[in-house]
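What follows is a single structure, written as structure tokens, with notes after it.
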Amino acid sequence: MKQAVLLHGTGGSDNDYFWFADTKAYLESKGYEVWWPLLPHTNKPKLEETLAFVEENMPVLDEESIIIGHSSACPLILSLLENNMLHIKQAVLVSGYYAPIPNPLEEGTMQTNLLPEDGFDYDRILGSADEIVLVNSDNDPWGCTDKQARPVAEALEAKFVLAKGMGHMGSGTFNQPMPELPLLKDLLATSS
């Protein structure tokens, strides 16, 4: 059976503010078995711990597999692709950040959850997926904007999609409910 992995950002994704349940149902309708875990220490994740959890628990992935992540799961996915000998069909990174961003809830602090200390080795990530897609908006209240994503998309020779005016594409903190994300379904490479 084809495998799909859904990885949430900081704080989780199992409520009406997020599109994960709808995306899981969509992928299952396309013949995918979907792994959608609750990641450890979801409010204060650490890269080594979270990466180890994913590597130890995710299903075996192959050239038909899809990985989708939201927010801080996006740098987690890049680390997963960088550190494992994977070749998957598609990685879709929604509202991700790839460098420290100011934390709008704690003035003077930076968000760095799940970012590797030394940055990413884009050469190692290249070739790990048939397609990598980055989807970011121009008005993300967390700072995960298109300005964060465009240089990464270029470095990865990835597709970049501007989700104009769509905020963080799901956020309880900023009252941005998004129980469905039709744009994502249009981007998924679910056909054989």
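The values are calculated or read from the model by the stated rules, or taken from the named source; none is laboratory data. Bear in mind the structure is a predicted one, so any value in this text is a computation, not a measurement. Cβ atoms come from the backbone with ideal geometry, glycine included; neighbour counts cover every protein chain shown.
General remarks:
- Of everything in the stretch 115-135 that is in contact with a Phe, Trp or Tyr (Cβ under 9 Å, 6 or more places away or on another chain) and surrounded by 15 or more Cβ atoms within 10 Å (Cβ to Cβ), the residue that is farthest from E64 (Cα to Cα) is L115.
- Residues in the stretch 106-122 include at least one that is charged (D, E, K, R), farther than 14 Å from L7 by Cβ and touching a helix residue (DSSP H, G or I) at 6+ places or on another chain (Cβ under 9 Å).
- Elements of the type helices (runs of 4 or more DSSP H) sitting completely within the stretch 14-121 and holding at least 1 residues that are farther than 29 Å from E154 by Cα, among the acidic types (D, E) and free of Cβ contacts under 8 Å to residues at least 60 places away in the same chain: these cover 20-29, 47-57.
- Scanning the stretch 136-192 for residues that are in contact (Cβ under 8 Å) with a residue 24 or more places away in the chain, closer than 17 Å to H70 by Cβ and either assigned to a helix (DSSP H, G or I) or β-branched (V, I, T) (or both) gives Q148, A149, V152, V161, T173, L183, L184, K185, L187.
- Yes/no for G31 being modelled with pLDDT of 95 or more, on the phi > 0 side of the Ramachandran plot and either surrounded by fewer than 17 Cβ atoms within 10 Å (Cβ to Cβ) or more than 14 Å from the chain's Cα centre (by Cα) (or both): yes
- Some residue of the stretch 140-156 being over 18 Å from T10 (Cα atoms), loosely packed, with under 13 Cβ neighbours inside 10 Å and of a type in the set (G, A, S): no
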